[in-house]
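Participant: Mind looking over this structure? Questions follow.
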Amino acid sequence: MTAPQYQPPPLTFPPPTRGEKVKMWQQQMLDRGWHIKVDSIYGQESKRLCANFQMEHKPLEVDGIVGPKTWEATWTASSTKPPKGPDRILQKGDMDNEHVRKWQRQVNNRGWPELKVDGDFGDQTEKICKELQEFKGLPITGKIDHDTWDAAWLERVPVGAAM
């Protein structure tokens, strides 16, 4: 898939950039599988998710600005490979678990910032797990199985997409 033609100025915050170009970028991020509000306003949350996208898609500069390279990558970059997950299903009641912590951090990076990253699989983690499963079209179990683990990293991108 090719990116729509980039037209300056870049998308930045502060102050918020607004308009159709912002909406187009936000929609593409949503289509890739990021949990982002498509509101045509490039504010603090769009900047945060942009920086997280850039961090995952090196060699992009991590600056939270949608310039020509980030714009292009939003349409053409391949999906991030998930790290090795746990050997068992993670579920409510798991405490001080490094895999739960890693999953919580990744889900926050993808747009669920209200999730506390503490390694404890409690009510909040179960709620966000179910939201992610629904958002990604997975069975809604509230447990982190292999597919739910991978879904926190994988994006929907065209076959053969590469930077």
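The values are calculated or read from the model by the stated rules, or taken from the named source; none is laboratory data. Quantities reported herein were computed from a predicted structural model and do not represent experimental measurements. Note that we place each Cβ from the backbone using ideal geometry, even for glycine, and neighbour counts take in every protein chain shown.
Participant: For the range 57-93, which positions are assigned by TED's automatic domain parsing to the domain that holds Asp31 and over 19 Å from the mean Cα position of the chain (by Cα)?
Facilitator: Pro68
Participant: Could you give every pair whose Cβ atoms fall below 6 Å, whose first residue belongs to the range 128-146 and is free of Cβ contacts under 8 Å to residues at least 24 places away in the same chain, and whose second residue is charged (D, E, K, R) and buried (at least 16 other Cβ atoms within 10 Å of the Cβ), counting only separations of at least 6 or pairs across chains?
Facilitator: Here the result reads Ile140/Lys130, each pair linking the range 128-146 to a residue that is charged (D, E, K, R) and buried (at least 16 other Cβ atoms within 10 Å of the Cβ).
Participant: Can you tell me which residue in the range 1-29 is nearest to the chain's Cα centre (by Cα), limited to those that are closer than 12 Å to Gly67 by Cα and surrounded by fewer than 18 Cβ atoms within 10 Å (Cβ to Cβ)? Explain how you work it out, then say what you get.
Facilitator: If we filter the range 1-29 for residues that are closer than 12 Å to Gly67 by Cα, which is where we start, we get 5-12, 21-22, 25.
Now restrict to residues that are surrounded by fewer than 18 Cβ atoms within 10 Å (Cβ to Cβ): 5-10, 12.
Numbers: Gln5: 23, Tyr6: 22, Gln7: 24, Pro8: 24, Pro9: 24, Pro10: 20, Thr12: 18 Å.
Step by step, filter the range 1-29, then rank; the result is Thr12.
Participant: Okay, moving on. Across the range 30-56, which residue is farthest from Glu155 (Cα to Cα) among those that are surrounded by 20 or more Cβ atoms within 10 Å (Cβ to Cβ) and more than 10 Å from the chain's Cα centre (by Cα)?
Facilitator: Of everything passing the filter in the range 30-56, Tyr42 is farthest from Glu155 (Cα to Cα).
Participant: Another question about this same structure. Have a look at Arg105, Arg156, Arg110 and point out the one that is of a type outside the set (A, V, I, L, M), touching a His at 6+ places or on another chain (Cβ under 9 Å) and closer than 29 Å to Trp75 by Cβ. It would help to see each step written out before you state the result.
Facilitator: On the way: Arg105 fails: touching a His at 6+ places or on another chain (Cβ under 9 Å); Arg156 fails: touching a His at 6+ places or on another chain (Cβ under 9 Å).
Just a single option satisfies the conditions, and that option is Arg110.
Participant: Would you check which residues across the range 118-148 are under 17 Å from Asp87 (Cα atoms), in a helix (DSSP H, G or I) and touching a Lys or Arg at 6+ places or on another chain (Cβ under 9 Å) and list them?
Facilitator: Asp147, Thr148 - these are the residues of the range 118-148 that are under 17 Å from Asp87 (Cα atoms), in a helix (DSSP H, G or I) and touching a Lys or Arg at 6+ places or on another chain (Cβ under 9 Å).
Participant: Same structure, new question: Quick one: count up the residues across the range 104-117 that are in a helix (DSSP H, G or I) and over 13 Å from Leu90 (Cα atoms).
Facilitator: Applying the first criterion (in a helix (DSSP H, G or I)) to the range 104-117 yields 104-109.
Retained after the next criterion (residues that are over 13 Å from Leu90 (Cα atoms)): 105-109.
Number of matching residues: 5.
Participant: Continuing with the same structure: State the number of residues belonging to the range 131-163 that are modelled with pLDDT under 95 and of a type in the set (S, T, N, Q).
Facilitator: 0
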